[in-house]
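So the structure is just underneath, and the comments pick up after that.
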Amino acid sequence: TVNGVDEEAISSASVKISDGDVIKTVGTTNSIGQVSFNISDLFSATSTTYTLKISKNEVVKEHYYCNYEKEFTVKKKLNISSILPANPKVNEGITLTVDADDYADYNGTYLAIEDTNNSSNSQYITLTDKTYYFTLDNPGTYKIRLSKSSEYWSDERTIVVEENPELKISFGDIVLGTENEFIVLDTYDAKVSGAKVTLMGENLSTYKTSDYDINLFDVFVLIDRIVIEG
């Protein structure tokens, strides 16, 4: 979009783009000062710095428009599409997805996962796939940077890895021969899904994983220890 110093749109302005000595005409601006172009339609090498040239040969209030030039850089896309979960816990599986056009773009991409407080916890990987799975063993703030050659834009995200909440278990009186419910809670008394509960006692060593609770049927042994794991 081409505007004057008064922020008014300038129509019928000539727009050209140069790459060194090679100059290509884009066109003229419309009534709202706009002109559209695709750089790959003008030049074969798309990752470089170009010069935008704008001019208009018209007298306004006894003055000509000043010519305008500005450099801009075009590079290939290389973005972090997503990092899930957004708020991971220690040792929780994390999935990073790269938003790139094709295999040649993401293959060989350099991924840095840097602990901002302790560099020894950092990871450095060269990607061969657009999806990368990893875990982080320590809580803290991590900078995740994606980069390649000078032909590509780099990208950076920040994630905060938190400690796993302390788990506890809630249950009422254990009645032999009947269904008994065990509920796993976090430090805020919220139910925790996917926890492994191990019941240990004489002639008993078993576990079962469910969404929120563990139902124990027809237990006729003494339970002397309950272990829960995230």
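The values are calculated or read from the model by the stated rules, or taken from the named source; none is laboratory data. Treat the numbers as computed from the prediction; the structure is a model and nothing was measured. Using ideal geometry, Cβ is built from the backbone for each residue, glycine included, and neighbour counts are taken over all protein chains shown.
Key figures for this structure:
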item	result
Residue that is closer than 30 Å to residue 5 by Cβ, in a loop (DSSP other than H, G, I, E, B) and of a type outside the set (Asp, Glu), where the choices are 91, 87, 57, 117	57
Filtered residues of the range 83-98 (kept if under 18 Å from residue 146 (Cβ atoms) and surrounded by 13 or more Cβ atoms within 10 Å (Cβ to Cβ))	83, 88, 94, 95, 96, 97, 98
Residue check, residue 172 within 30 Å of residue 49 (Cα to Cα) and surrounded by fewer than 17 Cβ atoms within 10 Å (Cβ to Cβ)	no
Pairs where the first residue, in the range 21-49, is under 27 Å from residue 8 (Cβ atoms) and the second is among the hydroxyl-bearing types (Ser, Thr, Tyr) and part of a strand (DSSP E or B), C-beta under 7 Å, 6+ apart	28/14; 35/28
Count - residues of the range 147-176 that are in a strand (DSSP E or B) and farther than 19 Å from residue 88 by Cα	7
Among the residues listed as 158, 128, 135, the single one being touching a Ser or Thr at 6+ places or on another chain (Cβ under 7 Å) and of a type in the set (Val, Ile, Thr)	158
Any chance residue 46 is in contact with a strand residue (DSSP E or B) (Cβ under 6 Å, 6 or more places away or on another chain), modelled with pLDDT under 85 and surrounded by 11 or more Cβ atoms within 10 Å (Cβ to Cβ)	yes
Residue 159, sole failed condition from (1) of a type in the set (Val, Ile, Thr); (2) touching a residue at least 60 places away in the same chain (Cβ under 8 Å); (3) more than 30 Å from residue 191 (Cβ to Cβ)	(3)
Single condition residue 107 does not satisfy, out of (1) within 15 Å of the chain's Cα centre (by Cα); (2) surrounded by 14 or more Cβ atoms within 10 Å (Cβ to Cβ); (3) under 28 Å from residue 73 (Cβ atoms)	(1)
Extreme residue, modelled with the highest pLDDT, among residues of the range 180-199 that are aliphatic (A, V, I, L, M) and over 12 Å from residue 170 (Cα atoms)	195
Residue selected from the range 1-21 under the condition under 38 Å from the mean Cα position of the chain (by Cα) and part of a strand (DSSP E or B), by the criterion farthest from residue 54 (Cα to Cα)	19
